[in-house]
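The values are calculated or read from the model by the stated rules, or taken from the named source; none is laboratory data. In this text, all values refer to a predicted model and were calculated from it rather than measured experimentally. A quick note on method: Cβ atoms are made from the backbone with ideal geometry, for glycine too, and the neighbour counts reach across all protein chains shown.
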Amino acid sequence: MKSNYKNKGLSTIIVTVLLIGLTIVAVGIVASVVNNLIKGKMLNTEACFGNFGKVSIDPQYTCFIDKPIGTPDEFQFSIFIGDIDVEKIIIGISSAGQTKSYTIPGKYADVRKYGAGGTYNEDLILPGRNAGTTYVVNSFISKPDSIKIAPVINGQQCDVSDTLVEIDRCL
């Protein structure tokens, strides 16, 4: 008996073309996702790129002040900002095995702006472009071992931009 059934399967050429088309679509989707991820990371790192050294500690005005017994010693540090826009500066001060962190702008009971009129627990502001400001901290019982600063630019915290490990006593 003769069968009237004919092979109605897809030809090899059509299958090959479909597989190539599916592969191209899949590669396009993966490339688009990876590209968007990389662009997002690049925007975050671009804020800090090229700004190393533009936010620094001025060692000339960074020192430890011994006070008479019964009054807290003071540590003064000076920050200089170059030709960049900085939103915040994060400061880490290490002394006798402890580290205290401060963020400027901010308000702290133990930090004030240096000079006449500077009072503790006031709003601290950053220096402007190409300017510096000195601050005083009065909560250390021994000379600090180091100070590190890291700027925040365009919402992105950058790496440490400057460190000072040899802190002299003020004259």
Item checked: Qualifying positions in the stretch 95-113 - modelled with pLDDT under 90 and either exposed (fewer than 15 other Cβ atoms within 10 Å of the Cβ) or touching a helix residue (DSSP H, G or I) at 6+ places or on another chain (Cβ under 9 Å) (or both) -> Ala96, Gly97, Gln98, Thr99
Check: Which one of the conditions (1) at pLDDT below 90; (2) of a type outside the set (Phe, Trp, Tyr); (3) within 15 Å of Thr62 (Cβ to Cβ); (4) surrounded by 12 or more Cβ atoms within 10 Å (Cβ to Cβ) does Ile153 fail to meet, given that it meets all the rest?
Finding: (3)
Item checked: Filter result (closer than 16 Å to Gly82 by Cα and among the β-branched types (Val, Ile, Thr)) within the stretch 107-156 -> Ile125, Thr133, Thr134, Ile149, Val152, Ile153
Notebook entry, point to check: Within the stretch 45-68, is even one residue of a type in the set (A, V, I, L, M), modelled with pLDDT under 85 and either in contact with a Phe, Trp or Tyr (Cβ under 6 Å, 6 or more places away or on another chain) or in a helix (DSSP H, G or I) (or both)?
Noted result: no
Note to self: It is to be established whether one or more residues within the stretch 101-110 are under 28 Å from Gly50 (Cβ atoms) and of a type in the set (Val, Ile, Thr).
What the structure shows: yes
Notebook entry, point to check: In the set Ser161, Ser142, Ser78, which member is surrounded by 16 or more Cβ atoms within 10 Å (Cβ to Cβ) and modelled with pLDDT under 90?
Noted result: Ser161
Checklist line | Flag if Ile84 is in contact (Cβ under 8 Å) with a residue 24 or more places away in the chain and assigned to a strand (DSSP E or B) | finding: no
Margin query: Quick test for you: out of Lys88, Lys143, pick the one residue that is of a type in the set (Lys, Arg), at negative phi and more than 15 Å from the chain's Cα centre (by Cα).
Written below: Lys143
Next item on the list: Could you figure out which of (1) at pLDDT below 75; (2) in contact with a strand residue (DSSP E or B) (Cβ under 9 Å, 6 or more places away or on another chain) isn't true of Ser3?
Entry: (2)
Item checked: Test for Ser78: is it outside any loop (DSSP other than H, G, I, E, B), in contact (Cβ under 8 Å) with a residue 12 or more places away in the chain, touching a Gly at 6+ places or on another chain (Cβ under 7 Å) and under 20 Å from Ser161 (Cβ atoms) -> yes
Next item on the list: Hey, could you check the stretch 114-128 for residues that are in contact (Cβ under 8 Å) with a residue 12 or more places away in the chain and surrounded by fewer than 12 Cβ atoms within 10 Å (Cβ to Cβ) and say which is farthest from Asn51 (Cα to Cα)?
Entry: Asn121
